[in-house]
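The values are calculated or read from the model by the stated rules, or taken from the named source; none is laboratory data. These numbers were taken from a predicted model, which means no experiment stands behind them. Note that each Cβ is placed from the backbone with ideal geometry, even for glycine, and that neighbours are counted across all protein chains shown. The accessibility values were calculated without ligands, DNA or RNA, using every heavy atom of the protein model including side chains. Shrake-Rupley method; radii C 1.70, N 1.55, O 1.52, S 1.80 Å.
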Amino acid sequence: MEAPSTALFLQILYLVAISAEAMTAALAAGRREMDWVGVCLLGWVTALGGGSVRDILLDHHPLSWVAHPSYLAVTGVAALLTIAIARHLAQLRWLFLFLDAVGLVVFTVIGCNVAIGLDMPVGVVIASGLISGCVGGVLRDVLCNEIPLLFRAELYATVSVVTGGLYVAGHALQWHHEAVMAVAMIVGLALRLLALRFGWSMPKFVYTRDLH
């Protein structure tokens with residue numbers, strides 16, 4: 001059971017994360033010359049899509065944005081605000097990368113927590129965290145006709161799996177919940193930031209021979 005202060009802190013991180021995801025989605029929409037409605041829709045899909053897919057797959061209702069319509073307002077405003085300040089955002093690239101990394105680990109822990117609350121097996125719990133953390137970005141990239149970041153060599157899905165694995169392991173060992181959550185998110189965040197800084201990546205599979 002989360003302490004009120006921990007739940008509040010996680011909620012604040014979640015709001016920051018979905019706002020940042022909506023803003024990065026708005027920039028992607030701008031690169032594809034979408035209209036304002038498209039910007040808003042892509043922001044919603046990116047910020048809330050991972051959690052929605054998770055909840056549908058796990059039959060967990062109501063969906064987060066249905067239970068909390070304010071999430072639609074927060075992400076919609078963040079996406080539209082990006083239109084007004086887009087010219088100033090290039091110099092904030094590292095801030096967005098940092099917030100995206102925060103969002104990845106926060107979404108992962110929340111996704112794991114939902115599956116744990118439903119008494120799901122360990123594999124499903126980790127997959128739930130992975131879906132929560134990564135699928136919103138996959139939907140964004142697919143809608144923008146790009147290869148999803150999840151399927152590139154960059155350490156992204158791996159970070160989510162490591163974060164979820166640490167969280168699940170600590171929960172299984174019945175360690176202090178707040179400590180487990182903090183360690184999982186800090187390790188995941190550090191791994192993602194180090195991967196960005198030093199260009200760490202997974203091995204690539206390259207196959208060029210034509211079978212015909």
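Subtracting the Cα-Cα distance from 0.36 nm times the residue separation, let me have the gained length for Asp210 to Ile56 in nm, one decimal.
On the way: separation 154, 0.36 × 154 = 55.44 nm, distance 3.91 nm.
Between Asp210 and Ile56, full extension yields an extra 51.5 nm.
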Could you give the size of the charge dipole of the range 1-114 about its Cα centre, using +1 on the Cβ of each K and R and -1 on the Cβ of each D and E, expressed in debye and rounded to the nearest 20? 340 debye
Positive dipole terminus of the range 55-141, leading residue within Phe98, Leu118, Thr108 (C-beta point charges): Phe98
Excluding ligands, DNA and RNA, what is the solvent-accessible area per residue of the chain at a probe of 1.4 Å, expressed in Å²? 55 Å²
The chain - percent of accessible surface contributed by carbon and sulfur, probe 1.4 Å: 69 percent
Of the listed values [x] 17.6; [y] 18.7; [z] 18.3, grab the one calculated as Kirkwood radius over Cα pairs in Å from the structure here. [x]
Expected vector for the range 181-196, Karplus 3J(HN,Hα) from phi with 6.51, -1.76, 1.60 and θ = phi - 60°, integer Hz, x for Gly and Pro, equals 4, 5, 5, 4, 6, 5, 5, x, 5, 4, 4, 5, 5, 5, 5, 5
When the charge dipole of the range 139-208 is computed with +1 at the Cβ of Lys and Arg and -1 at the Cβ of Asp and Glu, the Cα pointing farthest to the positive end, of Val187, Ala172, Val206, is that of Val206
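Nearest 0.05, what FRET efficiency do Val66 and Ser201 give at R0 = 45 Å with Cβ-Cβ as r? Show your work: numbers first, answer last.
On the way: r = 37 Å, r/R0 = 0.83.
Computed FRET efficiency for Val66 and Ser201: 0.75.
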Using the Cα centre of the chain as the reference point, and only Cβ charges (+1 on K/R, -1 on D/E), how large is the resulting charge dipole? Debye, rounded to the nearest 20. 600 debye
Sorted by chain and then number, the residues having a modelled amide H within less than 5 Å of the amide H of Leu155, at least 5 places away or on another chain, are Met202
Can you work out ³J(HN,Hα) from phi for every residue in the range 40-56, in order, using Karplus 6.51 cos²θ - 1.76 cosθ + 1.60 and θ = phi - 60°, giving whole Hz and x for Gly and Pro? 5, 5, 5, x, 5, 4, 5, 6, 10, x, x, x, 5, 4, 4, 5, 5
